[in-house]
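Following: one structure in C-alpha cells, then a few remarks.
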Amino acid sequence: MPVLVPDYTWTQTQSTVHIHLPLKGAKPGRVHVTSTDEYLKVHFQPFLLEVFLFQPVDDDRSTARIGNGVANITLYKKTNNQWEQLMINTTDKEVMKQIRMKALMKNQEKLTAESKTKTQKRQEERKYTLQSMMKLEDEERDSIRKIKDTERKKTTAELEEWQTKQKGEEDARVQRKEKERSHGGKNKPGNGSNPLTEHRRSVSEVKKPEQKHLPAPRAAGNIQVKFTPRVFPTALRESRVAEEEEWLRKQAEARRSVNAEVEELKDLKDEERNPDWLKEKGDRCFLTGDYLGAVNAYNLAIRLNRKIPALYSNRAACHLKLKNLHKAIEDCSQALSLLTPPVQSNAASRVRVHVRRGTAFCHLQLYTEGLLDYQAALNIDPENQALQADAQRIRNVIQGLEPETQQNTTKGCESPNH
C-alpha cells in the first residue's frame, strides 16, 4: 500500500494555485504526475499525494517542475477567485473513486491523442524524407542516363569512323593488287576475271563459319502430382477446415513472397537472402541479449518478406526490451493483421502478440487499452492462470487498489516465438 504524503504546502493567488511537495530523496525520473481539471496525483514509491481539487483548473496550462528534491506544481484556475481550501470536503470513497476513474480516463485519452499526433507527425516526416530521396534518386538516374547517352553517341561515332577507315583501307588494298596484276600480266584482257569480285568472294569464303549439327529438341510432357488430403480428427476441427486451409494457404504464399528488389541483396550471401535464416539469427541474438542485433536481423527479413507475422511479433519483443513502446505496439498490430483467419494453429501466436501489446500499453500507463489486450488473450486461452493474475492486477491499478508500477506485468517478451 502507498504511504500518503502529509507534509506538502500550498499557496494561491486570484488566478493560480502553487503546491510545494518534498520528494524525500526520490529521483526525478521516478516521479509520476497525473493531472486533470479536478484531480491531481503525484506518485513516487512508496509515497503518494492525491488531491481532489476544490474547484476546476485549466489542465492544459498547468505545469510541474521537478528538481532539487522538490516538486513545484502550478495550477491555473478556471475562475479567478480565492479558494477556501485546496481539496473538497468529502470522505465518501465512492465519490472519490468516481472522480479518480474519470480523471484517469481523461488522462488516458489525452495520452492516446498525443501518441496518435506523434505517430502521424512521424509518418509525415518519413513520407517527406522518402519523397526527397526519390527525387534525388530520379535526378541521379537522369544524370546517369545523360552520361550514358553521351558515351553511347561518342562510341557510335568512333565505331562508324573506324568502319569507314577500314573500308577505305580495304578498297585501297584491292586497288593495289589490281594494279600489280595488270602490270605483271596476270590479268589479261578477255579472260573475264574481276579481281575485286574474286577478292570479296575469297574473303567471304574464309569468314563463313562452319555449321554445327544441333541435336533435336527434347520431347515435352506433363507430370501428374497428387496431394494427400488433410484429415482433421475431431468435429470441432472439421468445422474449421475452411479457415485452417485459408491459414495454410496464406502461410505458403508468405514463404514464397520474397522481395528481390531490396538493394542490399547484391551484398548478401545466399543464406542471408532467406527470411527464415534471418529470423533464426534474430532469435539467437535475442536469447544472448543482443536486442539491437536482433532488430537489425528482423528488419532485413521484413524488407525481404512483409507477410510473415512472426517477424513483427519477435521484433515487438525486442522493442519491449529496448523500451521502444510505440514501435512495439505498431509491430504487434501488424502481426495481428497477418494472423488471420483466427484458427487453432495460430492461437498461441495471437496470445503472445496480445500480451506484448498489452504490456506496452501498461508501460505507457494506458491501462484500459492494456486490459483489453489481456482480455483478448484470455478469450483465446481462458485457463491460463498467469494471464488471469496479470489482468486482475491491471484492473486493481485502474480502480486505484494498487499503485502504478514500471515493472513488467507479464513475461510476454522473455523469448521470441518460433
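A few remarks follow.
- Hz values of 3J(HN,Hα) by residue in the stretch 95-104 - Karplus curve (6.51, -1.76, 1.60), Gly and Pro given as x: 5, 5, 5, 5, 4, 5, 5, 4, 5, 5
- Extension reserve of the Thr368-Thr9 stretch, reckoned as 0.36 nm per residue once the Cα distance is removed: 126.0 nm
- Förster-model FRET efficiency, 22 Å R0, Asn384 and Ser333, C-beta, rounded to 0.05: 0.50
- Take the Cα of Arg145, step 7 Å toward its Cβ, do the same at Lys167, and the gap between the two points is 3.3 nm.
- Sparse packing (at most 15 other Cβ atoms within 10 Å of the Cβ) combined with a DSSP loop state is found for the following GluC sites (Glu not before Pro) in the stretch 70-142: Glu84.
- R0 of 22 Å, Cβ-Cβ distance Glu124-Lys323: FRET efficiency to nearest 0.05: 0.35
- Label point distance in nm, Leu136-Asp58, each placed 7 Å from Cα along Cα→Cβ: 4.4
- A simple packing score, the average count of other Cβ atoms within 10 Å per residue, orders the peptides 5-14, 155-164 as 5-14, 155-164, with the highest score first.
- Heavy-atom accessible area per residue - the stretch 1-154, 1.4 Å, Å²: 69
- Average silhouette area of the stretch 115-172, convex hull of alpha-carbon atoms, in square nanometres: 4.1
The values are calculated or read from the model by the stated rules, or taken from the named source; none is laboratory data. Keep in mind it's a predicted model, so treat the numbers as computed, not measured. Here Cβ is always computed from backbone atoms with ideal geometry, including for glycine, and neighbour counts include all displayed protein chains. Side chains are part of the model used for accessible areas, which takes the heavy atoms of the whole protein and leaves out ligands, DNA and RNA. Shrake-Rupley method; radii C 1.70, N 1.55, O 1.52, S 1.80 Å.
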